[in-house]
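The values are calculated or read from the model by the stated rules, or taken from the named source; none is laboratory data. The model shown is predicted, which means the values in this text are computed figures rather than measured ones. For neighbour counting, all protein chains shown are included, and Cβ atoms are generated from backbone atoms with ideal geometry for every residue, glycine included.
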């Protein structure tokens with residue numbers, strides 16, 4: 001585990017802040033339908049990059065382990081029809097967000 005930090009002091013609960021941002025309908029639509037096209041990614045890639053960057057800036061931690069969950073309803077095999085199935089095929093998988101030293105947003109997203 002690499003918990004490289006700017007300082008040795010661990011972030012404390014008292015250092016926590018809540019920030020609420022409200023997007024307009026147009027901004028939400030732009031994010032969901034257009035923003036990810038710049039890097040040929042998905043919206044989740046942008047959200048994960050933002051999360052990793054925020055944690056690095058707040059706590060000085062370059063790497064953070066997050067557990068992602070997939071619903072399993074996407075068509076993985078072209079000859080398997082799941083349209084008449086019921087329920088979810090939930091899967092969970094760990095992902096390490098490694099922000100490294102490079103602060104270039106484009107490189108982080110990629």
Next item on the list: Quick one: in region 36-47, of everything that is assigned to a helix (DSSP H, G or I) and exposed (fewer than 14 other Cβ atoms within 10 Å of the Cβ), which residue is modelled with the highest pLDDT?
Entry: 47
Check: Does region 14-30 include one or more residues that are surrounded by 12 or more Cβ atoms within 10 Å (Cβ to Cβ), in a helix (DSSP H, G or I), modelled with pLDDT of 80 or more and in contact with a helix residue (DSSP H, G or I) (Cβ under 8 Å, 6 or more places away or on another chain)?
Finding: no
Next item on the list: Evaluate region 54-76: report whether one residue or more is in a loop (DSSP other than H, G, I, E, B) and touching a helix residue (DSSP H, G or I) at 6+ places or on another chain (Cβ under 8 Å).
Entry: yes
Notebook entry, point to check: Which residues, counting only those in region 74-110, are over 30 Å from residue 53 (Cα atoms) and surrounded by 10 or more Cβ atoms within 10 Å (Cβ to Cβ)?
Noted result: 75, 82, 85, 88, 89
Notebook entry, point to check: Looking only at region 48-65, which residues are touching a residue at least 24 places away in the same chain (Cβ under 8 Å) and exposed (fewer than 13 other Cβ atoms within 10 Å of the Cβ)?
Noted result: 58, 65
Check: Looking only at region 76-93, which residues are under 20 Å from residue 45 (Cβ atoms) and modelled with pLDDT under 80?
Finding: 76
